[in-house]
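Peer 1: Once you've had a glance at the structure underneath, I'll fire off some questions.
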Amino acid sequence: MIKNEKIPEAEFMAERAEVLQHWPTGKGVDFQEAVDYQLSIEKRKRFGVKLEAAQKEGYTLIQPRAGVALYQEQIELLQYLEREGGADLLPSTVDSYTRLNRYEEVEIGIEKSKLSGRSMLNGFPIVNYGVQICRAVTSSLKSPVQVRHGTPDARLLTEISIAGGFTSYEGGGISYNVPYSKNHSIEKVIRHWQYTDRLVGLYEEAGVSINREPFGPLTGTLIPPCISNAVAIIEAILAATQGVKDITVGYGQCGNLIQDIAAMRALERQTHHYLHKFEMDDVRVSTVFHQWMGGFPEDESKAYGVISWGAAAAALSKATKVIVKTPHEAFGVPTKEANACGLRDTKQVISMLRDQDLRQIPEVVRESEIIEAEVTCILDRVERLGKGDFALGAVAAFEAGVLDVPFAPNRNNKGHVLPARDNNGAVRILEMGNLPFSADLRDFHRMKLEERALKEKRPVSMQMVIDDVYAIEKGRLVGRPEQQGLSI
């Protein structure tokens, strides 16, 4: 049975010896040598240093997604995004086979990529390449580099990534399981991610600070802010317990500007609150805003509109960084040119809005208070279910449906919660499932959906959910009935 307690060092080291045997490149990881290498990295290339400076200056940094199979091409891609896109922070997005720990198939993908002259993997295969090639990539760039992936069991990936010179690492035991995996158990994956965070904690003790970032958007489809914020806070608590000192909590854009800014405001406030509650005030907290994760218009000009709206929301919420989409989202993996265009578009909007801050306007504060009340209801119940232990509580909460991620494939997720937009485009909850909300909060959500139903002259129903899922790619935020002449 897992507990939210720091893994004893002897237990961790015994497990580590096994983890490093999972693939031959694991043998190339030497902890003290990796510490020395990390300490040699210039401060300007350290993720946490750049995030901290951006927070002090009140500026939002921009970061793309990017990953290809061949490491020489990965270097060229990231250098291009740095040079032509103006990226402040860089990624190495890992391929799907690596996420599933299917390294033999990765090897085939690398070889096919060499023969075909194009990437036959949808990301950069860190585990198969090992420490030295990762260092070749990270050392070739002027900016800090983060690993982004989606792996339930990321223990070996973490080992090679940090030894390879990456200074930030994304994911968590809930956010990289429930939205990505069908059969992995909640308990087992949380325990795998306790390993990752304990490793980061050991580096911290050795004088090397690695930034950690739970994945905020979850399934990226109409996620009510209270659910994504609750998960992010739980993962922050779990990470900090293992010794992580630099955490970036994230949120995926929903589309209503007031709600998005309010959600970011609530996330930062409540993350600090809960870390303080557990006497973890020495943890540095920053934020990341993910541009729209749902369906995109095929028309590039319309796609730029979606990207710009996300850039504005990130800037006006004072996010520490924003994850940028591309005008080719509707077609799959973008070209490097399209990726750079999305970055330049975002940087222009962020630069224009740098001196504006909407976090304290009354409408934002009111919405933030609602989100905070919802998150408190969820986390109070999680804490009670775990008898004060958030690892145990998270497992029990998924079993009870107290934590329930809409549209997630994991069989341990109830899937009873259904979201829909209200008349102003804010995401509300149509079907509550077992969310432990007060009667006032339940009534609030119903009232907001009834207002929309009255406007559209139809009942509150599942059809609203369906219409909302496809609305943005059709040119709207709210999925209005076509018979009203409101669709584009």
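The values are calculated or read from the model by the stated rules, or taken from the named source; none is laboratory data. Since we're looking at a predicted model, the values are computed, not measured. Every residue, glycine among them, receives a Cβ derived from its backbone with ideal geometry; neighbour counts consider all protein chains shown. These area figures cover heavy atoms from the full protein model, side chains too; ligands, DNA and RNA do not enter into them. Shrake-Rupley method; radii C 1.70, N 1.55, O 1.52, S 1.80 Å.
Peer 1: Exactly one of these conditions fails for Ala10: (1) over 20 Å from Val333 (Cα atoms); (2) outside any helix (DSSP H, G or I); (3) at pLDDT 95 or above. Give me its number.
Peer 2: Here Ala10 meets the rest and fails (2).
Peer 1: Further, regarding this structure: For residues that are open to solvent by less than 10 Å² (accessible area, probe 1.4 Å) and either within 13 Å of Ser228 (Cα to Cα) or not in a loop (DSSP other than H, G, I, E, B) (or both), tally how many sit in the stretch 418-427.
Peer 2: Residues meeting the conditions: 4.
Peer 1: So which of His272, His276 ends up being without any contact (Cβ under 8 Å) to a residue 12 or more places away in the chain and out of contact with any Pro (no Cβ under 9 Å at 6 or more places or on another chain)? Give the derivation first.
Peer 2: Working: His272 fails: without any contact (Cβ under 8 Å) to a residue 12 or more places away in the chain.
Just a single option satisfies the conditions, and that option is His276.
Peer 1: Okay, moving on. I'd like to know if the stretch 22-32 contains one or more residues that are open to solvent by less than 80 Å² (accessible area, probe 1.4 Å), under 26 Å from the mean Cα position of the chain (by Cα) and of a type in the set (Ser, Thr, Tyr).
Peer 2: No, that holds for no residue.
Peer 1: From the list Ala408, Ala373, Ala394, pick out the single residue that is assigned to a helix (DSSP H, G or I) and surrounded by 22 or more Cβ atoms within 10 Å (Cβ to Cβ).
Peer 2: The unique qualifying residue is Ala394.
Peer 1: State the number of residues belonging to the stretch 277-327 that are assigned to a helix (DSSP H, G or I), basic (Lys, Arg) and touching a Gly at 6+ places or on another chain (Cβ under 7 Å).
Peer 2: Step one: list which residues in the stretch 277-327 are assigned to a helix (DSSP H, G or I), which gives 277, 300-316.
Next cut, basic (Lys, Arg) only: 277, 302.
This time we only want the ones that are touching a Gly at 6+ places or on another chain (Cβ under 7 Å), so: 302.
The number of residues fulfilling the criteria is 1.
Peer 1: Just one of (1) farther than 30 Å from Leu430 by Cα; (2) touching a Phe, Trp or Tyr at 6+ places or on another chain (Cβ under 6 Å) trips up Lys245, so point out which.
Peer 2: (2)
Peer 1: Output the number of residues of the stretch 255-269 satisfying the condition of being open to solvent by 10 Å² or more (accessible area, probe 1.4 Å) and more than 20 Å from Ala54 (Cα to Cα).
Peer 2: Qualifying residue count, the stretch 255-269: 3.
Peer 1: Return the total of residues in the stretch 126-136 being open to solvent by 40 Å² or more (accessible area, probe 1.4 Å) and either more than 17 Å from Ile162 (Cβ to Cβ) or β-branched (Val, Ile, Thr) (or both).
Peer 2: Count: 1.
Peer 1: Take the residues of the stretch 76-121 that are of a type in the set (S, T, N, Q) and modelled with pLDDT under 95: which is nearest to the chain's Cα centre (by Cα)?
Peer 2: Kept after step one, since they are of a type in the set (S, T, N, Q), are these residues of the stretch 76-121: 79, 92-93, 96, 98, 101, 113, 116, 119.
This time we only want the ones that are modelled with pLDDT under 95, so: 116, 119.
Numbers: Ser116: 32, Ser119: 25 Å.
Looking at the filtered set, the residue picked out is Ser119.
Peer 1: Could I ask something else about it? What about Glu329, is it under 29 Å from Ala230 (Cβ atoms) and open to solvent by 40 Å² or more (accessible area, probe 1.4 Å)?
Peer 2: Yes, satisfied.
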